[in-house]
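See below for the structure under consideration.
The values are calculated or read from the model by the stated rules, or taken from the named source; none is laboratory data. This structure is a prediction, so every number in the text was calculated from the model and none was measured. Neighbour counts run over all protein chains shown; Cβ positions are idealised from the backbone, glycine included. Remember, those area values only see protein heavy atoms, side chains included, never the ligands or the DNA or RNA. Shrake-Rupley method; radii C 1.70, N 1.55, O 1.52, S 1.80 Å.
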Amino acid sequence: MTTGLPPNAGVCLKAEHYEQALAPERVPAWFEVHAENYMGDGGPAHLWLDRARARVPLSIHGVGLSIGSAAGPDPDHLERLCRVVRRFEPAAVSEHLAWSTHEGLFFNDLLPLPYDDETLGRVADHVDLVQNRLGRQILLENPSSYLRFDRDEYPEVEFLAEISRRSGCGLLLDVNNVHVSATNLGDSAEAYLDAFPLDRVGEIHLAGHAVETDTDGRPLLIDTHDREVCDAVWKLYEHTVLRTGPVPTLIEWDARIPEWSVLVRQAELADRCMDEAGTRPPHAVTG
Amino acid sequence: MPSLAELQDGFAAAVRRPEPDPPRGITGRGDAGAGRRFGVYRNNHLAGLAGALEMTFPVVRKLVGEEFFRAAAMDYVRRHPPRSPVLLLYGERFGDLLDELPAAGRYPYLGDVARLEWSRIFALNARDTAPAEIRLLSGIPEPELPGTRLILHPSVRTLASRWPVLAVWQDCQPGGGRAKIDMERPERLLVVRPDTEVVTHRLDGGSYAFIRSLARGAALGEAAEHAMAEEPGLDLSAQLVLLFNYGTVAGIAPAAVNKIPPDQKGTPS
């Protein structure tokens, strides 16, 4: 499936990089921002984002809607997301298969869901609610997993495919999350990707992770978004785009923000992988 | 089997508990215990929010160092978890927590530095509003001036401290660190963002009393009396010029909303 994002590498737009990222000569094909960072009443961030979207398409990525909460997303927060989407008119809107708010308390983390029939029904309903309120399709992202629930009835891929089928949402495939989850749970990342409904993918995420060890001395990967994409994830990405052709691909980097040039180089690597995977039109930049 | 709501009750409570005690019904990898893996969520919750506080309070962080700051920030997250997914203004009461910390005794001004940093973040994210110009007042007949109420700019915050907190803040900015600060000097501050830049001004006692009074909803005449009580002989027209020059005024309250109840809450000092 396609969104209004071009099939090129995009970069997350952080306050640290506003000036360089929007330098007149060369801007990336598109930018992604976290919706919650633009939910203040005003301020220079809003002006920078206006400037960014005057030049290239935007992706608005929510990190706090808590679609997986049993009680559903907070109506006030959905209203805030709606305002951000109305103001900045992004080419794509995405959220996570996760929950992050409970009883009015925000955890600031993407908490895991059991993959059973009750959750499936609720999440599909909540996605439906969000899409109706926003008046558009959203993309739902696969999470990073550190554990499983004993009550799981579905593999994650089937679960996501079924939510997409029931609600009509697209999927955001985070290849780093696939690698993190597969390593942590002892699964095969390749098998996950081979089973993934790639025709539903509207965007791909790439990011870096930290490597720790669990109590048994096995690797425990933490989805930190604070470093370069690792070789294993690049391989999985190549494997994926060979099948999908070029897909809008984001370099995500949310902590220990590097020099702008580091992000640009990561985006160039993603573009090179896509060049080898298929043809696409050159992206247009205005302004 | 518990419902999803019940499962989330248990999971959320376990994330908030300080001791490593994972909820039931989860598995790590194979037969391995889930404790270490569950700990990732507890750590993400604490460390992620502590990181958000670090973005808001870089000067406090610089003054006390990484280790002390992380401990205080995590303490704050445990006591005052955010009630909204919008974290831009998270940490409003961090200064109060710093005031209470016995180990912060070496830096008695730390709480006020935190309040100044939060005020600047508040101003940064306030509604964008063009400041009014002083000629706005020229249309008002002189006898009506004392009863006129000003609408302050939405970014305005005030802060009175026993310590020179702005001097400390400036000293911690890039290129700072050379000034010798007289720590016995109190400061009264005005934070405002008339355009894209947040500005902090030092005020004298009269100006501070004047603007605090206006912020509480007092009309110009009443605010002037407060200011004169603080600083007899104050030049009121100079005060008005200052207020408008700083971009502190957004407009004049229309007559219909002039009756502001006496318990109207102003910006806390």
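Looking at the structure I just gave you, is A:Ala267 part of a helix (DSSP H, G or I), within 19 Å of the chain's Cα centre (by Cα) and under 30 Å from A:Arg133 (Cβ atoms)? So that I can check it myself, show each step before the final result.
On the way: part of a helix (DSSP H, G or I): yes; within 19 Å of the chain's Cα centre (by Cα): yes; under 30 Å from A:Arg133 (Cβ atoms): no.
It is false that A:Ala267 is part of a helix (DSSP H, G or I), within 19 Å of the chain's Cα centre (by Cα) and under 30 Å from A:Arg133 (Cβ atoms).
Please enumerate the residues belonging to the stretch B:141-151 that are within 18 Å of B:Ala223 (Cα to Cα) and open to solvent by 30 Å² or more (accessible area, probe 1.4 Å). Walk me through how you get there before you give the answer.
Going residue by residue through the stretch B:141-151, those that are within 18 Å of B:Ala223 (Cα to Cα) are B:142-151.
Passing the criteria: B:Glu142, B:Pro143, B:Glu144, B:Leu145, B:Pro146, B:Gly147, B:Arg149, B:Ile151.
Checking A:Val63 against (1) touching a strand residue (DSSP E or B) at 6+ places or on another chain (Cβ under 9 Å); (2) away from every other protein chain (no Cβ under 11 Å); (3) among the hydrophobic types (A, V, I, L, M, F, W, C), which test does it fail?
Of everything listed in (1) touching a strand residue (DSSP E or B) at 6+ places or on another chain (Cβ under 9 Å); (2) away from every other protein chain (no Cβ under 11 Å); (3) among the hydrophobic types (A, V, I, L, M, F, W, C), A:Val63 misses just condition (2).
Could you tell me whether the stretch B:17-28 includes any residue that is under 37 Å from the mean Cα position of the chain (by Cα), facing another protein chain (nearest Cβ under 9 Å) and in a helix (DSSP H, G or I)?
No, the stretch B:17-28 contains no residue that is under 37 Å from the mean Cα position of the chain (by Cα), facing another protein chain (nearest Cβ under 9 Å) and in a helix (DSSP H, G or I).
Being open to solvent by 30 Å² or more (accessible area, probe 1.4 Å) and either touching a Leu at 6+ places or on another chain (Cβ under 8 Å) or part of a helix (DSSP H, G or I) (or both) is the requirement here; does B:Leu97 meet it? Talk me through it step by step, then tell me what you get.
Working: open to solvent by 30 Å² or more (accessible area, probe 1.4 Å): no; either touching a Leu at 6+ places or on another chain (Cβ under 8 Å) or part of a helix (DSSP H, G or I) (or both): yes.
Against the criterion (open to solvent by 30 Å² or more (accessible area, probe 1.4 Å) and either touching a Leu at 6+ places or on another chain (Cβ under 8 Å) or part of a helix (DSSP H, G or I) (or both)), B:Leu97 does not qualify.
Among residues belonging to the stretch B:48-86 that are out of contact with any helix residue (DSSP H, G or I) (no Cβ under 8 Å at 6 or more places or on another chain) and aliphatic (A, V, I, L, M), point out the one that is farthest from A:Met39 (Cα to Cα).
Per the criteria, the residue is B:Ala71.
Looking only at residues that are farther than 16 Å from A:Ala255 by Cα and of a type in the set (A, V, I, L, M, F, W, C) in the stretch A:199-220, which one is surrounded by the most Cβ atoms within 10 Å (Cβ to Cβ)? Before you say what the answer is, go through the steps one by one.
Let us first name the residues in the stretch A:199-220 that are farther than 16 Å from A:Ala255 by Cα, namely A:199-204, A:212-220.
Next, only the ones that are of a type in the set (A, V, I, L, M, F, W, C) stay: A:201, A:204, A:220.
On the way: A:Val201: 20, A:Ile204: 25, A:Leu220: 22.
In this case the residue turns out to be A:Ile204.
Need pairs with beta-carbon distance below 7 Å; first residue more than 7 Å from chain A (Cβ to nearest Cβ) and within the stretch B:81-98, second at pLDDT below 95; sequence gap 6+ or separate chains.
B:Leu98/B:Ala104
Looking only at the stretch B:99-131, filter to residues that are of a type in the set (A, V, I, L, M, F, W, C) and within 14 Å of chain A (Cβ to nearest Cβ); which one of those is nearest to B:Val60 (Cα to Cα)? Before the answer, list the steps.
Quick first cut of the stretch B:99-131, residues of a type in the set (A, V, I, L, M, F, W, C) only: B:101, B:103-104, B:110, B:113-114, B:116, B:118, B:121-124, B:126, B:130.
This time we only want the ones that are within 14 Å of chain A (Cβ to nearest Cβ), so: B:118, B:121-124, B:126, B:130.
Numbers: B:Trp118: 11, B:Ile121: 14, B:Phe122: 17, B:Ala123: 18, B:Leu124: 18, B:Ala126: 22, B:Ala130: 31 Å.
Among those that are of a type in the set (A, V, I, L, M, F, W, C) and within 14 Å of chain A (Cβ to nearest Cβ), it is B:Trp118.
Before we move on, is B:Val40 closer than 25 Å to A:Ser69 by Cβ, crowded, with 16+ Cβ neighbours inside 10 Å, in contact (Cβ under 8 Å) with a residue 24 or more places away in the chain and at the interface with another protein chain (Cβ under 8 Å from one of its Cβ atoms)? Reasoning before the result, please.
Values: closer than 25 Å to A:Ser69 by Cβ: yes; crowded, with 16+ Cβ neighbours inside 10 Å: yes; in contact (Cβ under 8 Å) with a residue 24 or more places away in the chain: no; at the interface with another protein chain (Cβ under 8 Å from one of its Cβ atoms): yes.
The answer is no for B:Val40.
Please enumerate the residues belonging to the stretch A:143-178 that are aliphatic (A, V, I, L, M) and out of contact with any Asp or Glu (no Cβ under 8 Å at 6 or more places or on another chain).
First pass over the stretch A:143-178, keeping only residues aliphatic (A, V, I, L, M): A:147, A:157, A:160-161, A:163, A:171-173, A:175, A:178.
Hits for the stretch A:143-178 are A:Leu147, A:Val157, A:Leu160, A:Ala161, A:Ile163, A:Val175, A:Val178.
Of all residues in the stretch B:133-158, which are touching a residue at least 60 places away in the same chain (Cβ under 8 Å) and closer than 27 Å to A:Tyr38 by Cβ? Steps first, please.
From the stretch B:133-158, those touching a residue at least 60 places away in the same chain (Cβ under 8 Å) are B:133-134, B:136-137, B:140, B:145-154, B:156-158; that's our starting set.
Matches in the stretch B:133-158: B:Ile151, B:Leu152, B:His153, B:Pro154, B:Val156, B:Arg157.
Given the structure, is A:Gly42 farther than 19 Å from A:Glu252 by Cβ, without any contact (Cβ under 8 Å) to a residue 12 or more places away in the chain and open to solvent by less than 40 Å² (accessible area, probe 1.4 Å)? Steps first, answer last, please.
Numbers: farther than 19 Å from A:Glu252 by Cβ: yes; without any contact (Cβ under 8 Å) to a residue 12 or more places away in the chain: yes; open to solvent by less than 40 Å² (accessible area, probe 1.4 Å): yes.
Answer is yes for this residue.
Collect the residues in the stretch A:212-245 that are modelled with pLDDT under 95 and assigned to a loop (DSSP other than H, G, I, E, B), keeping them in residue-number order.
Of everything in the stretch A:212-245, those that are modelled with pLDDT under 95 and assigned to a loop (DSSP other than H, G, I, E, B) turn out to be A:Asp214, A:Thr215, A:Asp216, A:Gly217, A:Arg218, A:Gly245.
Would you be able to say whether some residue in the stretch A:77-99 is over 23 Å from A:Ser181 (Cα atoms) and touching a Cys at 6+ places or on another chain (Cβ under 6 Å)? Step through it out loud before you land on a result.
Step one: list which residues in the stretch A:77-99 are over 23 Å from A:Ser181 (Cα atoms), which gives A:77-93.
With touching a Cys at 6+ places or on another chain (Cβ under 6 Å) added as a condition, the list becomes none.
The answer is no, given that none of the residues of the stretch A:77-99 is over 23 Å from A:Ser181 (Cα atoms) and touching a Cys at 6+ places or on another chain (Cβ under 6 Å).
Out of the stretch A:19-39, which residues are within 14 Å of chain B (Cβ to nearest Cβ) and within 15 Å of A:Trp253 (Cβ to Cβ)?
A:Val33, A:His34, A:Asn37
Among the residues of the stretch A:53-71, what is the count of those that are under 19 Å from the mean Cα position of the chain (by Cα) and farther than 11 Å from A:Glu95 by Cβ?
Here is the first cut: in the stretch A:53-71, the residues under 19 Å from the mean Cα position of the chain (by Cα) are A:53, A:56-69.
This time we only want the ones that are farther than 11 Å from A:Glu95 by Cβ, so: A:53, A:56-59, A:69.
Of the residues in the stretch A:53-71, 6 are under 19 Å from the mean Cα position of the chain (by Cα) and farther than 11 Å from A:Glu95 by Cβ.
Name the residue, out of B:Ala130, B:Ala123, B:Ala167, that is within 20 Å of B:Leu98 (Cβ to Cβ) and either assigned by TED's automatic domain parsing to the domain that holds B:Asp195 or not β-branched (Val, Ile, Thr) (or both). Please lay out each step first, then the result.
Details: B:Ala130 fails: within 20 Å of B:Leu98 (Cβ to Cβ); B:Ala123 fails: within 20 Å of B:Leu98 (Cβ to Cβ).
From the options B:Ala130, B:Ala123, B:Ala167, the qualifying one is B:Ala167.
Restricting the search to the stretch A:66-75, which residues are within 8 Å of chain B (Cβ to nearest Cβ) and either among the polar types (S, T, N, Q) or assigned to a helix (DSSP H, G or I) (or both)?
A:Ser66, A:Ser69
Since A:Ala45 meets every condition but one in (1) under 21 Å from A:Leu140 (Cβ atoms); (2) modelled with pLDDT of 95 or more, which condition does it not meet?
Just one mismatch for A:Ala45, condition (1).
Out of the residues in the stretch A:72-101 that are of a type in the set (A, V, I, L, M, F, W, C) and more than 18 Å from A:Leu58 (Cβ to Cβ), state the one that is farthest from the chain's Cα centre (by Cα).
Pass one, the stretch A:72-101, residues of a type in the set (A, V, I, L, M, F, W, C): A:78, A:81-82, A:84-85, A:88, A:91-93, A:97-99.
So of that shortlist, the ones also more than 18 Å from A:Leu58 (Cβ to Cβ) come out as A:78, A:97-99.
On the way: A:Leu78: 18, A:Leu97: 10, A:Ala98: 12, A:Trp99: 15 Å.
That would be A:Leu78.
For the stretch B:187-234, enumerate the residues that are within 14 Å of chain A (Cβ to nearest Cβ) and surrounded by fewer than 17 Cβ atoms within 10 Å (Cβ to Cβ). So that I can check it myself, show each step before the final result.
Pass one, the stretch B:187-234, residues within 14 Å of chain A (Cβ to nearest Cβ): B:191-199.
Answer for the stretch B:187-234, where residues must be within 14 Å of chain A (Cβ to nearest Cβ) and surrounded by fewer than 17 Cβ atoms within 10 Å (Cβ to Cβ): B:Asp195, B:Thr196, B:Glu197, B:Val199.
Against the conditions (1) in contact with a Lys or Arg (Cβ under 8 Å, 6 or more places away or on another chain); (2) outside any helix (DSSP H, G or I); (3) closer than 24 Å to B:Val59 by Cα, where does B:Gly217 fall short? Just the number, please.
All conditions are met except number (3).
Taking B:Thr56 as meeting all but one of (1) over 18 Å from A:Asn184 (Cβ atoms); (2) facing chain A (nearest Cβ under 7 Å), write down the number of the exception.
Looking at each condition in turn, B:Thr56 falls short on (2).
Can you tell me which residue among A:Leu129, A:Leu110 is among the hydrophobic types (A, V, I, L, M, F, W, C), open to solvent by 10 Å² or more (accessible area, probe 1.4 Å), touching a residue at least 12 places away in the same chain (Cβ under 8 Å) and within 25 Å of B:Arg36 (Cβ to Cβ)? Spell out how you get there, then give the answer.
Values: A:Leu129 fails: within 25 Å of B:Arg36 (Cβ to Cβ).
Only one candidate qualifies: A:Leu110.
Just to be sure, is B:Ala103 in contact with a Phe, Trp or Tyr (Cβ under 8 Å, 6 or more places away or on another chain) and surrounded by fewer than 21 Cβ atoms within 10 Å (Cβ to Cβ)?
Working: in contact with a Phe, Trp or Tyr (Cβ under 8 Å, 6 or more places away or on another chain): yes; surrounded by fewer than 21 Cβ atoms within 10 Å (Cβ to Cβ): yes.
Yes: the conditions hold for B:Ala103.
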